[in-house]
Protein chains: 2
Amino acid sequence: MLKKERQALIIKQINLHNKVLSSDLSLTLNVSEDTVRRDLHELAQENKIIKVHGGALSKSYNVTSQQSDTYAYEEKNIIALKTISLIKEGMTILTSGGTTMRAIARALPSNLKATFITMSPLIALELIEHPNLEVILLGGKLSNDSKISVGGEVVNRINEIKADLCILGINGLDFDGITDSDWEIVQVKKAIINASRVVIASTISEKLNSALRLKVCNLKEVDYLITELPSDSPTLLAFKEKVNHIL
Amino acid sequence: MLKKERQALIIKQINLHNKVLSSDLSLTLNVSEDTVRRDLHELAQENKIIKVHGGALSKSYNVTSQQSDTYAYEEKNIIALKTISLIKEGMTILTSGGTTMRAIARALPSNLKATFITMSPLIALELIEHPNLEVILLGGKLSNDSKISVGGEVVNRINEIKADLCILGINGLDFDGITDSDWEIVQVKKAIINASRVVIASTISEKLNSALRLKVCNLKEVDYLITELPSDSPTLLAFKEKVNHIL
DNA sequence: CAGGTAAATGCAGGTTTTTGCGTTTTTTGA
DNA sequence: TCAAAAAACGCAAAAACCTGCATTTACCTG
C-alpha cells in the first residue's frame with residue numbers, strides 16, 4: 001500500500017469517527033504502530049488533523065474559525081434541497097453570494113450539467129468542485145466585507161446576460177419587498193433580477209419580516225420564495241398573495 | 001509499444017483502480033521501472049495524475065478542499081518574505097495563482113496600501129483579508145483544475161492594464177525559460193508579463209531545471225528570480241547571467 | 001540513401017524514503 | 001509515586017528514486 005493512500009484512509013477514518021487510535025490503525029492498515037505514528041505526525045504538521053496522545057482527532061472537531069458558515073446549518077440545508085429541485089439540466093443560473101447560496105452550491109448533485117454565473121469568488125470555488133458545471137466568475141473590484149465583485153463593470157456584464165434562473169440570497173424581506181444594507185450590492189442584485197427569467201429568493205425564515213435601508217425589488221418580482229419552513233407555515237401565510245410560489 | 005500508448009494504458013489503470021504501483025506497471029507493460037517512473041513523472045507534470053513514492057494516484061483521489069497548500073510550507077514562507085520586500089506602497093501588482101502566491105498573499109503586512117489584480121479567486125480571497133488593499137478580481141470562465149479565470153476575456157482585460165509589478169507562480173523553469181503545461185494558463189501568463197514593468201518569478205527550487213511542454217517566456221524577461229535558497233547557492237549560480245536579479 | 005540529430009530506453013551507481021525494530025524517554029491514570 | 005502505554009530516537013535494510021551514460025530506434029535532411 002502506498003503511503004499517501006494510507007494517509008488518505010486515515011483522514012477518511014478521522015472524518016468518519018472524529019478520532020482514531022494509533023493501535024487500531026496499526027491493525028486495520030497492517031503496518032507497525034511506528035508507521036502510523038509517523039503518518040499521524042505528518043498529517044498533523046500539514047494541519048490536516050490534530051495529533052494527541054494515543055491517536056488523532058478531527059480538526060473541525062474543535063475549530064472555531066469558521067462557524068459563521070455553519071450557522072443555521074440544518075435550515076440552510078433544507079433550503080438548499082428545495083432550491084435545487086428547481087434547477088434543471090442545461091440551465092444558465094445567475095447567483096449572488098451569501099452563506100445560504102454556499103450551502104446550495106455544496107449540495108448540488110455532482111452529475112448536474114449547467115452553467116452558473118456568479119460574482120462571488122467563494123461560491124465560484126464551491127461550484128467548480130462539481131466537474132460537470134461550467135462556472136463563469138464575474139470580475140471587478142472586490143468588496144471588502146461582502147467579498148463579492150461590485151461596481152459598474154459587474155452590472156454592465158450582468159446586463160449582457162439572459163439567464164434562466166437567478167438565486168438570490170436575502171438579507172431583508174418583508175411585505176414591501178427585498179431590502180439590503182449595502183448600496184453596491186443592491187445595484188448588483190437589481191441587475192441580476194433584471195437579467196433572469198425566473199427569480200428565486202432563498203432565505204432562512206429568521207430574515208423574513210425584517211427590512212433594511214435600501215430597496216432591491218418588490219415581492220411581485222419574486223417567482224419563488226424558499227425558506228426552511230413547510231410551505232403552509234403560518235409565518236409564510238401572509239406572503240402567499242404577494243409571491244407567485246412558496247416552497 | 002509506443003510511449004503514448006503506454007501512457008494511455010497507465011491512465012486507464014489509474015482511472016480504474018485509483019492508483020498504480022511502479023513495480024506492477026513494470027511487469028504488465030514489460031518495460032523497466034525507470035521507464036515507468038519517467039512516464040509517471042511526465043503524466044504528473046501534465047497534471048493528469050499525482051505522483052507519489054512507489055507509484056501514482058488518481059487526481060480525484062482525495063480532493064478534500066485544501067490539502068496541498070501546505071506542501072513545502074517553510075520554503076514558501078521564505079519566498080513570500082523575499083517577494084514582499086520588493087513590494088512598495090501604492091504599487092499596482094498583477095498576480096497569477098498557485099500555492100506559492102497564496103503564501104505570499106497571506107504573509108503581506110497588514111498596513112500595506114496597494115492594488116492587486118488577479119485572476120485567481122483563491123488569491124483574491126486571501127488578499128481581501130488585508131483591509132488596506134484594493135483587490136481587483138478578473139472574471140471569466142473558471143478553469144476546472146487550475147481554479148483561475150481563463151479565456152480571451154481575461155487576456156483582453158489584462159492587456160488594458162499597466163502594472164508596476166507582476167508576481168508569477170512558476171511550474172517549470174530552466175535555462176530556456178519559463179514553461180507550463182496548460183495552454184490557457186500560458187496565454188494568461190504571457191499577458192501578465194506583457195502588462196507589467198517588472199516581472200518577478202517566485203518558485204521553490206524544486207521546480208528549477210524542469211521544463212514543461214509549453215513555453216511562457218525567456219529568462220531575460222524575468223527581472224527577479226526568487227527561491228527559498230540563498231542567492232549564492234550553487235543551484236542558482238547558473239541562472240546568474242540569464243536573470244537580472246536573483247534573491 | 002548516408003549521415004546526422006533527437007527521442008526513447010535500459011543500466012550502473014549513488015542517494016533518498018520508507019519502514020520496522022530495539023532502546024530510551026515521556027505521558028497517563030490509578 | 002509507579003507501572004503501563006505511547007512516543008521519540010537511532011539504526012539498518014529494503015525499496016524507490018535520481019543522474020549520467022551508452023545503446024537503440026526513429027526521424028530528418030541534403
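The values are calculated or read from the model by the stated rules, or taken from the named source; none is laboratory data. Keep in mind that this is a model prediction, so the values were computed, not measured. No Cβ is skipped: glycine too gets one built from the backbone with ideal geometry, and neighbour counts run over all protein chains shown. SASA here: full protein model, heavy atoms, side chains in, ligands and nucleic acids out. Shrake-Rupley method; radii C 1.70, N 1.55, O 1.52, S 1.80 Å.
Over the Cα atoms of chain B, the radius of gyration divided by the Kirkwood radius equals 1.00; this is the Rg/Rh ratio. Taking the DSSP bridge list for the stretch A:76-174 and keeping only pairs wholly inside it, about 15 percent are antiparallel. Globularity index of the protein assembly as shown is 1.07 (Cα radius of gyration / 2.2 N^0.38 Å, N = number of residues).
The longest stretch of chain B left intact once loop-based chymotrypsin sites (Phe, Trp or Tyr not before Pro) with at most 14 other Cβ atoms within 10 Å are removed from consideration, loops following DSSP, is B:72-174. Placing one identical point scatterer on every Cα of the stretch B:109-225 and ignoring solvent, what is log10 I(q)/I(0) from the Debye formula at q = 0.15, 0.18, 0.24 Å⁻¹? These q points yield log10 I(q)/I(0) values of -0.68, -0.98, -1.48.
Taking every protein chain into account, the accessible area of the stretch A:151-204 amounts to 37 square angstrom per residue (probe 1.4 Å).
Over the protein assembly as shown, DSSP H runs of length four or greater, each weighted -39,500 (n - 2.57), average out per residue to a 222 nm ellipticity of -10500 deg cm²/dmol. Peptide B:10-19 shows a mean partner chain C-beta count of 1 within 10 Å per residue C-beta.
The equivalent ellipsoid that matches the C-alpha gyration tensor of the stretch A:3-62 spans semi-axes of 16, 11, 11 angstrom, in descending order.
Shown here for the stretch A:176-246: trypsin sites (Lys or Arg not before Pro) in loop regions (DSSP other than H, G, I, E, B) with at most 13 other Cβ atoms within 10 Å, namely A:ARG213, A:LYS240. For chain A, the longest piece that avoids every one of the GluC sites (Glu not before Pro) found in DSSP loops with at most 16 other C-beta atoms within 10 Å covers A:161-240. Put a dot 7 Å past the Cα of B:LYS59, heading toward its Cβ, do the same for B:GLU241, and the two dots end up 3.9 nm apart. Could you state the number of Å between the C-alpha centres of the stretch A:106-129 and the stretch B:90-124? Here the two parts' Cα centres lie 24 Å apart. Separation of the alpha carbons by more than 20 angstrom is noted, of B:LYS162/B:LYS242; B:LYS190/B:LYS220; A:LYS12/A:LYS59; B:LYS12/B:LYS59, for B:LYS162/B:LYS242.
Relative contact order for chain A: what percent, with Cα pairs under 8 Å and sequence separation of 6 or more?
With pairs under 8 Å counted, the relative contact order is 14 percent.
The aspartates and glutamates within cross-link reach of B:LYS76, meaning a Cα-to-Cα straight distance under 18 Å and a gap of 8 or more places when in the same chain, are A:GLU42, A:GLU46, B:GLU126, B:GLU206, B:GLU228. Measuring nothing but protein heavy atoms, the accessible surface of the stretch B:69-246 at 1.4 Å probe radius is 50 percent carbon and sulfur.
Of all DSSP-defined beta bridges confined to chain B, some 40% are antiparallel rather than parallel. Measuring r between the beta carbons of A:SER85 and A:LEU27 and using R0 = 45 Å, the FRET efficiency lands at 0.50. Bridgeable aspartates and glutamates around A:LYS189 (alpha carbons under 14 Å apart, same-chain partners fewer than 8 residues away excluded): A:GLU153, A:ASP180, A:GLU221. Size of the stretch B:158-247 from its Cα atoms: along the principal axes, largest to smallest, the extents are 39, 28, 19 Å. Counting Cβ atoms of other protein chains within 10 Å of each residue's Cβ and taking the mean over peptide B:143-156 gives 2.
Once A binds B, the 1.4 Å probe can no longer reach about 2700 Å² of accessible area, counting both sides.
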